[in-house]
1. Taking a threshold of 32 Å on the Cα-Cα distance, which of the pairs Lys120/Lys146; Lys52/Lys146; Lys72/Lys133; Lys106/Lys146 fall above it?
2. If you count only protein heavy atoms with a 1.4 Å probe, what accessible area per residue comes out for the stretch 92-154, rounded to a whole Å²?
3. What relative contact order, as a whole-number percentage, does the stretch 71-154 give when Cα pairs under 8 Å and 6 or more residues apart are counted?
4. For Lys106, enumerate residues with amide H under 5 Å from its amide H, sequence gap 5+ or separate chain, H modeled in the peptide plane.
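The values are calculated or read from the model by the stated rules, or taken from the named source; none is laboratory data. All values reported here derive from a predicted model rather than from experimental measurement. Areas reflect the complete protein model, heavy atoms only, side chains present, ligands, DNA and RNA absent. Shrake-Rupley method; radii C 1.70, N 1.55, O 1.52, S 1.80 Å.
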Amino acid sequence: IAGEAEETTASETAAEETTSDPVFGVGETAELNGVQVSLLSATQSNGSQFAKPDDGNVFMILEFEIANNSDKDISISSIVNFEAYCDDYSVNQDFTATLAPEAEGKNQLDGSVAAGKKMKGIISYQIPADFSKFEITVSPDFWSGKGIDFVVTQ
């Protein structure tokens, strides 16, 4: 019996050392506290005649679906619940990108999601065209301090 306890302790220690937060990609769904977040698409855009990114940049338009399977309403704010990095540098939303043809007819990710309901929408950024890695953390419950990490690479 003592040997079994030692094995359990050893395997728990090994699991703690090798466990890290999972990272998700396009087409994947993650769940946190009863809220499912899916990254439906990540589209690069050169914009349109009237809304173009700066030279050497592209718009990154991300479409998410958020399913609130918890028992309480949640509020989603594109400013508060999302944090993005491109090649390890912090990037802010670019509202001009919402005028790109690829964003046409799609809602932004802002509003309330009642328990048992869903929200679908986009959030957009302007990033270098030659980026290597774009990371975005979605925190469905901002106050919990926990988030879901999604990564898009070229």
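1. On the way: Lys120/Lys146 21 Å; Lys52/Lys146 34 Å; Lys72/Lys133 34 Å; Lys106/Lys146 27 Å.
In this structure, Lys52/Lys146; Lys72/Lys133 lie more than 32 Å apart at Cα.
2. Working: 3410 Å² over 63 residues.
Accessible surface, normalised per residue, equals 54 Å².
3. Details: 137 pairs, mean separation 30.5, N = 84.
Averaging sequence separation for qualifying contacts and normalising by length gives 36 percent for the stretch 71-154.
4. Sorted by chain and number, the residues that satisfy this come to none at all.
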